[in-house]
Amino acid sequence: MAAAEEAFAALKTALTTAPVLTMSNFTLPFTVECDASGSGFGAVLHQGAGPIAFFSRPIASRHQALAAYERELIGLV
């Protein structure tokens, strides 16, 4: 039971602690991950394990009928 309580405490800490942004290193490659739903776009810019920046915004009504990959592309732009 102690292992389950420790796991729950670790999960609670991870969910309630804000992620720390890292400084960009221009000698390393950047990665952008995008996601979109029927209500918004989101993206994370990162290098390795640490995020550099977050982006999100609500989706415009004219974009709601688009396919998921098209909404993700709009989120990237």
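The values are calculated or read from the model by the stated rules, or taken from the named source; none is laboratory data. Here the structure is a predicted model, which is why all the values come from computation and not from measurement. Counting neighbours? That spans all protein chains shown, and the Cβs are built from the backbone with ideal geometry, glycine included.
General remarks:
- Test: residue 38 is at pLDDT below 85 and not in a loop (DSSP other than H, G, I, E, B): no
- Among residues of the range 8-35 being of a type in the set (A, V, I, L, M, F, W, C) and assigned to a strand (DSSP E or B), the one that is farthest from residue 66 (Cα to Cα) is 32.
- Residues of the range 38-77 that are without any contact (Cβ under 8 Å) to a residue 12 or more places away in the chain and either touching a Cys at 6+ places or on another chain (Cβ under 8 Å) or farther than 15 Å from residue 22 by Cα (or both): 60, 61, 62, 63, 65, 66, 67, 69, 70, 77.
- Of all residues in the range 36-71 being under 25 Å from residue 26 (Cα atoms) and more than 10 Å from the chain's Cα centre (by Cα), the one that is surrounded by the fewest Cβ atoms within 10 Å (Cβ to Cβ): 49
- Among the residues of the range 11-44, those that are in contact with a Pro (Cβ under 7 Å, 6 or more places away or on another chain) and closer than 21 Å to residue 77 by Cβ comprise 39, 40, 44.
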